[in-house]
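The structure under discussion appears below in the form of structure tokens.
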Amino acid sequence: MAAHKEPVLDIIVVGAGFAGLYLLYRLRTLGFQTLVIEAADGVGGTRYWNRYPGARCDVESMAYSYSFSESLEQDWVWTERYAAQPEILAYANHVTDRFGLRKDIRFNTWVARAVFTETDGLWTLTSDEELSFGARFVIMALGCLSAPHRPDIPGISEFAGECYHTGYWPHQEVDFSGKTVGVIGTGSSAVQAIPLIAEQAAHLSVFQRTPNFSIPAWNGPLDEESQRHWKNNYRTLRAKAKRTSSGILNMDSDHCAAELSPDEQLRELDRRWQHGGLIMWNAFNDIMTDPASNELAASFVRRKIREKVKDRKTADLLCPEDHPLGSKRLCVDTDYYETFNRKNVTLVDIRSHPIEKITAQGVQTSHDSYALDVIVLATGFDAMTGPMMKIDIRGRDGVSIERKWSDGPRTYLGIAIADFPNLFMVTGPGSPSVLSNVLLAIEQHVDWISDCLCHMRSTGFDIIEASPQAEDDWVIHVNDVANPTLYTHSDSWYMGANIPGKPRVFMPYVGGAANYRELCNEVSDQGYTGFTMSKSAATAPRNTVVSANEQQRIDSQTFSQPRRNSTS
Ligand SMILES: Cc1cc2nc3c(=O)[nH]c(=O)nc-3n(C[C@H](O)[C@H](O)[C@H](O)COP(=O)(O)OP(=O)(O)OC[C@H]3O[C@@H](n4cnc5c(N)ncnc54)[C@H](O)[C@@H]3O)c2cc1C
């Protein structure tokens, strides 16, 4: 323990991605003493870690941005329709400096443990270096995709060449020139990285187990007219986006497939293909409930793949046949399929011939050996629950999050967890999160949590907890809306299927972002139904709740002085 002591804070936020940054801005403005703790040495979260070539957003830049500051909206200039990682990271840094957030962020600090103490109603967070931080409330802004998944392939540590994970990419540029490269995985990150790696590498082998549906981005410079349109109409467009099922404009459809003639169906699919990006996800309003409707869109995309890829066998392998379109987040690409027409690119089918081991020289499948200078692991994330489970979180009676979620995540609204008082999550499991424009989802949660904290302050309560009944009901509701859909017909990371041993549970809320927003508002408008609020021992009348000695201990509750680094 360090010699210096400092008082308990109102709120500790873990994570300085877009969620943590907006939380800090909002909570500080509302007068809460807030500290953000971040493992990295900079802000940006996803955009800090995922620096692989080709990394960019799949929601258009103008929409994938904060709406809380009109001057920020007007001042910031996005240069491309889909911004690349350096530009999004620059935006995160701009926001941090513009609103003076950096001084309240403690970088280079991994939160390893978070423990709630019943007697004083406080949380103690401990870093992996045994530094302690105390707060009344903890808000986990850990992101849904911040725990990279490193596959446990035999021999992986024996590889003598360079090995990178897309979600943990080095800060210096990786030069693939003249090298033989293997990319393992063909999800969103791989789809973005492969065309650029192929341009540099002497040879690129793409190890594919499951092909994904990818839609062209038709990315390019953002013309002044569209920028002006957005900037002149930001309020209307944001409000419109909030009324949609995904927070993404131009996505929702008014028609089920059967209402349209075959010509109309084709025109609609073609219109969405020509527009590009995620909107193919919802070409018909029954696309995620009616297998026939889904198959129309899926076979349309497969036809496009076959038009693009010259080698018949490669094209067949690239066509997804084992999951409905949209049951995994669609990939959005620039020249992904075209890359397989290059002479220096080989698609390796590891579904038929699995990787047996990695040797010092490269990858060995059950069929062949591939000598490699570089391996890129594009193997995704332990999504949604992974970042929470990496922290030893203890709620009432020492109950651990690991035990609580052993059969899958249980939350109320994806925001709170019974038995874990005063702990909130942003975009937690059980909320729409990754099924939407995540920035919009983040802003909604941050606003809701901030309003809730203000409500507590004004009513004198300082303990809030989801009731077990509300949590049970929410978990049932989340499953009830997911089960009839095609989302559950897929071995996706939404289902935890990419992580060996992880419970197969559909984690995000498919009931629609707009409906979800209304449900959250109803809960708050009706006085936070499903939550119990109380006063902690520290603030309750002394003679009724705690002994004088205990009160003295609580009053003098102090925590070790956090070690500050140069940026804090
Ligand atoms: C490659 C990639 C591309 C994406 N593109 C899009 C897109 O185009 N559109 C979209 O809507 N969404 C996209 N997403 C989802 C994306 O994660 C969100 O849009 C958004 O950036 C999440 O912000 P966040 O602040 O919630 O979480 P993150 O950005 O993940 O930030 C979480 C932070 O918490 C920190 N942290 C985690 N655990 C700890 C701990 N124990 N101690 C200390 N710090 C910790 C991490 O270091 C990280 O900085 C993408 C995700 C990835 C991985």
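One table, with the values for the structure above:
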{"quantity": "Net length gained if the chain between Ser226 and Ser352 were fully extended (0.36 nm per residue, minus Cα distance)", "calculated": "40.7 nm"}
{"quantity": "Rounded tilt (10° steps) of 468-482 against the dominant C-alpha axis of the chain", "calculated": "10"}
{"quantity": "Stokes-Einstein D for the stretch 418-491, Kirkwood Rh over Cα pairs, 37 °C, 0.692 mPa s (µm²/s)", "calculated": "230"}
{"quantity": "Charge dipole (the chain, unit charges on Cβ, about Cα centre) - positive-most of Ala239, Val510, Ile305", "calculated": "Ala239"}
{"quantity": "Cα-based equivalent ellipsoid, the stretch 435-541: semi-axes from gyration tensor eigenvalues, Å", "calculated": "31, 16, 13"}
{"quantity": "Highest to lowest packing among 316-329, 34-47, scored as the average C-beta count within 10 Å", "calculated": "34-47, 316-329"}
{"quantity": "Fraction in percent of alpha-carbon pairs per bin - 10 Å, the stretch 285-387", "calculated": "12, 32, 36, 17, 3, 0"}
{"quantity": "Among Val115, Ile156, Pro86 the positive-end extreme of the charge dipole of the stretch 48-177 (Cβ point charges)", "calculated": "Val115"}
{"quantity": "Under 13 Å, Cβ to Cβ, from Val478 - net charge with Lys/Arg +1 and Asp/Glu -1", "calculated": "-3"}
{"quantity": "Compactness of the chain as Cα Rg over 2.2 N^0.38 Å, two decimals", "calculated": "0.99"}
{"quantity": "Between 0 and 90°, nearest 10: helix 262-275 axis offset from the chain longest Cα axis", "calculated": "70"}
{"quantity": "Straight-distance crosslink candidates among lysines, where the alpha carbon sits under 26 Å from Lys313 and sequence neighbours closer than 8 are dropped", "calculated": "Lys179, Lys304, Lys328, Lys343, Lys357"}
{"quantity": "Under 12 Å from Lys390, Cα to Cα: aspartates and glutamates that are on another chain or at least 8 residues apart", "calculated": "Asp128, Asp382, Glu402"}
{"quantity": "Between helix 438-459 and the chain: long-axis angle, C-alpha atoms, 0 to 90°, nearest 10", "calculated": "10"}
{"quantity": "Length-normalised contact order of the chain in % [C-alpha pairs under 8 Å, at least 6 apart]", "calculated": "21"}
{"quantity": "Whole-number accessible area per residue in Å² for the stretch 199-273, which is evaluated in the context of all protein chains at 1.4 Å", "calculated": "54"}
{"quantity": "Mean-position separation - Cα centroids, the stretch 409-426 and the stretch 243-277, in angstrom", "calculated": "35"}
{"quantity": "Average silhouette area of the stretch 95-237, convex hull of alpha-carbon atoms, in square nanometres", "calculated": "15.6"}
{"quantity": "Straight-distance crosslink candidates among lysines, where the alpha carbon sits under 23 Å from Lys103 and sequence neighbours closer than 8 are dropped", "calculated": "Lys5"}
{"quantity": "Sulfur and carbon atoms: percent of accessible area, the stretch 440-481 [1.4 Å]", "calculated": "58"}
{"quantity": "Computed [θ] at 222 nm, helices only, for the chain once each DSSP H run of length n ≥ 4 contributes -39500 (n - 2.57)", "calculated": "-9500 deg cm²/dmol"}
{"quantity": "Assigned charges on the beta-carbon of Lys, Arg, Asp, Glu; the chain dipole about Cα centre (debye)", "calculated": "660"}
{"quantity": "Only Lys, Arg (+1) and Asp, Glu (-1) charged, at Cβ; the stretch 26-159 dipole about Cα centre in debye", "calculated": "200"}
{"quantity": "Label-point separation in nm, Ser71 to Thr119, each point 7 Å along Cα→Cβ", "calculated": "4.8"}
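The values are calculated or read from the model by the stated rules, or taken from the named source; none is laboratory data. Keep in mind the model is a prediction, meaning the values are calculated, not measured. In this analysis, Cβ positions are derived from the backbone assuming ideal geometry, glycine residues included, and neighbour counts consider all displayed protein chains. Protein only, heavy atoms only, side chains kept; ligands, DNA and RNA dropped before computing areas. Shrake-Rupley method; radii C 1.70, N 1.55, O 1.52, S 1.80 Å.
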